[in-house]
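J.: My questions all concern the structure below.
The values are calculated or read from the model by the stated rules, or taken from the named source; none is laboratory data. Values in this document were obtained by computation on a predicted structure and should not be read as measured data. No Cβ is skipped: glycine too gets one built from the backbone with ideal geometry, and neighbour counts run over all protein chains shown. To get the accessible areas, we keep the full protein, side chains included, count just its heavy atoms, and leave off ligands, DNA and RNA. Shrake-Rupley method; radii C 1.70, N 1.55, O 1.52, S 1.80 Å.
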Amino acid sequence: VQLQASGGGLVQPGGSLRLSCAASGSIFSINVMGWYRQAPGKERELVARIFSSSSTYYADSVKGRFTISRDNAKNTVYLQMNSLKAEDTAVYYCNFRSGTFEYWGQGTQVTVSS
């Protein structure tokens, strides 16, 4: 199983980006899909996650600006990021959990700069 993340890039403050992460291979019953990020010199942090029940969790720093969603049929998770700030600059990683298994994507760079 591999996770392929895409959608990162360079955007100006106040702009928007949409990240996608799709799983290839066979995954049975993905319980949780999430996005983490890691800025230079900082630890990786949880940004948002969505459960199989469709309930969601957001870090305080992104509440009201980011929206996570999932397409179970496509084993894909999305992160819509609006009103981006310089402090959102980081490498974003997707994460899937299925039972006791955990999978990570390769990371996609998001840079917010004027």
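J.: Let me spell it out: the conditions are (1) touching a residue at least 40 places away in the same chain (Cβ under 8 Å); (2) open to solvent by less than 70 Å² (accessible area, probe 1.4 Å); (3) of a type outside the set (A, V, I, L, M, F, W, C), and residue 44 meets all of them except one. Which number is the exception?
T.: Tallying (1) touching a residue at least 40 places away in the same chain (Cβ under 8 Å); (2) open to solvent by less than 70 Å² (accessible area, probe 1.4 Å); (3) of a type outside the set (A, V, I, L, M, F, W, C), residue 44 fails exactly one: (2).
J.: I've got another one for you. Restricting the first residue to the range 16-29 and requiring it to be closer than 14 Å to residue 68 by Cα, which pairs with a second residue that is of a type in the set (S, T, N, Q) and open to solvent by less than 30 Å² (accessible area, probe 1.4 Å) meet a Cβ separation below 8 Å and a spacing of at least six or different chains?
T.: 19/108; 20/76; 21/76; 22/76
J.: Would you say residue 39 is small (Gly, Ala, Ser), at pLDDT 95 or above and surrounded by 17 or more Cβ atoms within 10 Å (Cβ to Cβ)?
T.: The answer is no for residue 39.
J.: Okay, next question. In the list 75, 82, which residue meets the criterion of being modelled with pLDDT under 95, open to solvent by 30 Å² or more (accessible area, probe 1.4 Å) and within 14 Å of the chain's Cα centre (by Cα)?
T.: Residue meeting the stated conditions: 75.
J.: Give the number of residues within the range 58-85 that are free of Cβ contacts under 8 Å to residues at least 12 places away in the same chain and either of a type in the set (Lys, Arg) or within 23 Å of residue 31 (Cβ to Cβ) (or both).
T.: Residues meeting the conditions: 4.
Here is a yes/no grid of residues against (1) over 12 Å from the mean Cα position of the chain (by Cα); (2) open to solvent by 80 Å² or more (accessible area, probe 1.4 Å); (3) polar (S, T, N, Q):
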{"site": "63", "(1), (2), (3)": "yes, yes, no"}
{"site": "86", "(1), (2), (3)": "yes, no, no"}
{"site": "94", "(1), (2), (3)": "no, no, no"}
{"site": "101", "(1), (2), (3)": "yes, yes, no"}
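J.: So which of 105, 14, 9, 34 is open to solvent by 30 Å² or more (accessible area, probe 1.4 Å) and of a type outside the set (A, V, I, L, M)?
T.: 14
J.: Do we find that residue 88 is acidic (Asp, Glu), closer than 23 Å to residue 1 by Cβ and without any contact (Cβ under 8 Å) to a residue 60 or more places away in the chain in this structure?
T.: no
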